Amino acid sequence: MTSLHSTKKIVIFASGTGSNAKKIMQYFSERSDITVVYVLSNNSGASVLDAASEMNVPSDSFTRQDLYESDRILGLLKKIGPDLLVLAGFLWKIPAEIIAAFPNKIVNIHPALLPKYGGKGMYGHHVHRAVLANKEKQSGITIHYVNEQYDEGQTIAQFKTGVSVADNIDSLVQKIKKLEHKHFAKVIDNLLSEQ
């Protein structure tokens with residue numbers, strides 16, 4: 001029956017190794033109804049670009065100027081016409097004109113239970129360090145829509161993990177990565193299947 005419906009298209013933005021991006025590409029690689037059509041990175045040396053080429057997904061890198069001072073990225077996105085933009089470890093703020101062009105079509109994953117430990121500068125180890133310093137009993141991930149403020153868009157889903165006194169940054173990173181890899185692609189799948 002998929003022939004009646006056109007394929008839903010995902011564009012992924014990532015800044016680094018892209019372990020979440022890889023999982024998402026793998027998850028949808030055998031699907032005809034939903035597909036990752038493009039990977040964009042603000043880091044020309046990011047290994048996520050190698051992962052994209054291994055999976056035959058077109059990819060490109062861009063500069064700060066491309067994103068904030070030109071229409072290059074917005075123009076590319078309008079040409080592609082994605083159903084969802086997925087930020088998978090992407091550290092720059094999405095410009096207002098891209099948010100306006102794709103309302104409720106941009107999602108991000110954050111390695112903590114928002115609204116705690118969100119906002120500018122709260123990413124990666126900075127988040128985990130703060131969680132451990134405050135002796136939190138649990139942490140987790142938040143998948144949320146992107147608006148013009150860091151980490152303040154509407155929450156789509158949260159998944160939790162316990163934090164023990166024995167945990168350090170490395171062990172907490174492992175727990176959070178496990179949650180991300182288990183849930184992010186599934187949540188994206190549900191979002192696009194409901195559209």
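The values are calculated or read from the model by the stated rules, or taken from the named source; none is laboratory data. From a predicted model like this one, the values you see are computed outputs, not experimental measurements. Quick reminder, even Gly has a Cβ in these numbers, built from the backbone with ideal geometry, and neighbours come from all protein chains shown.
Scan the stretch 154-178 for residues that are closer than 30 Å to Gln195 by Cα, buried (at least 16 other Cβ atoms within 10 Å of the Cβ) and in contact (Cβ under 8 Å) with a residue 40 or more places away in the chain and report the count.
Summing the residues that are closer than 30 Å to Gln195 by Cα, buried (at least 16 other Cβ atoms within 10 Å of the Cβ) and in contact (Cβ under 8 Å) with a residue 40 or more places away in the chain in the stretch 154-178 gives 3.
Of the conditions (1) farther than 17 Å from Tyr38 by Cβ; (2) touching a residue at least 12 places away in the same chain (Cβ under 8 Å), His126 satisfies every one except a single condition; which number is it?
Here His126 clears every test but (2).
Just one of Leu74, Leu40 is buried (at least 16 other Cβ atoms within 10 Å of the Cβ), closer than 16 Å to Leu91 by Cβ and either out of contact with any helix residue (DSSP H, G or I) (no Cβ under 7 Å at 6 or more places or on another chain) or modelled with pLDDT of 95 or more (or both); which is it?
The conditions single out Leu40.
Residues being outside any helix (DSSP H, G or I) and either closer than 14 Å to Asp60 by Cβ or at pLDDT 95 or above (or both): count how many of those fall in the stretch 19-30.
Of the residues in the stretch 19-30, the ones outside any helix (DSSP H, G or I) are 29-30.
Within this subset, residues satisfying the condition of being either closer than 14 Å to Asp60 by Cβ or at pLDDT 95 or above (or both) are 29.
The total comes to 1.
Scan (1) exposed (fewer than 13 other Cβ atoms within 10 Å of the Cβ); (2) without any contact (Cβ under 8 Å) to a residue 60 or more places away in the chain; (3) over 21 Å from Gln158 (Cα atoms) for the single condition Ile99 breaks and write down its number.
(1)
Filtering the stretch 28-87 down to residues that are of a type in the set (Asp, Glu) and within 18 Å of the chain's Cα centre (by Cα), which residue is nearest to Ile109 (Cα to Cα)?
Taking the stretch 28-87 first, the residues of a type in the set (Asp, Glu) are 30, 33, 50, 54, 60, 66, 69, 71, 83.
Those still in the list that are within 18 Å of the chain's Cα centre (by Cα) too: 50, 60, 83.
Details: Asp50: 22, Asp60: 21, Asp83: 17 Å.
It comes out as Asp83.
Take Asp151 and tell me if it is over 13 Å from the mean Cα position of the chain (by Cα), of a type in the set (Asp, Glu) and crowded, with 17+ Cβ neighbours inside 10 Å.
Considered against the rule, which asks whether it is over 13 Å from the mean Cα position of the chain (by Cα), of a type in the set (Asp, Glu) and crowded, with 17+ Cβ neighbours inside 10 Å, Asp151 comes out as no.
Is it the case that the stretch 1-9 has a residue that's under 20 Å from Val146 (Cα atoms), touching a helix residue (DSSP H, G or I) at 6+ places or on another chain (Cβ under 9 Å) and touching a residue at least 40 places away in the same chain (Cβ under 8 Å)?
yes
State whether the residues of the stretch 125-133 include one that is under 15 Å from the mean Cα position of the chain (by Cα) and either buried (at least 17 other Cβ atoms within 10 Å of the Cβ) or at pLDDT 95 or above (or both).
There is no residue in the stretch 125-133 that is under 15 Å from the mean Cα position of the chain (by Cα) and either buried (at least 17 other Cβ atoms within 10 Å of the Cβ) or at pLDDT 95 or above (or both).
Any residue in the stretch 57-83 that is on the phi < 0 side of the Ramachandran plot sitting within a Cβ distance under 6 Å of a residue that is crowded, with 17+ Cβ neighbours inside 10 Å and aromatic (Phe, Trp, Tyr)? List the pairs, counting only those 6 or more apart or interchain.
Pairs found: Pro58/Tyr38; Ile73/Phe62; Ile80/Tyr38.
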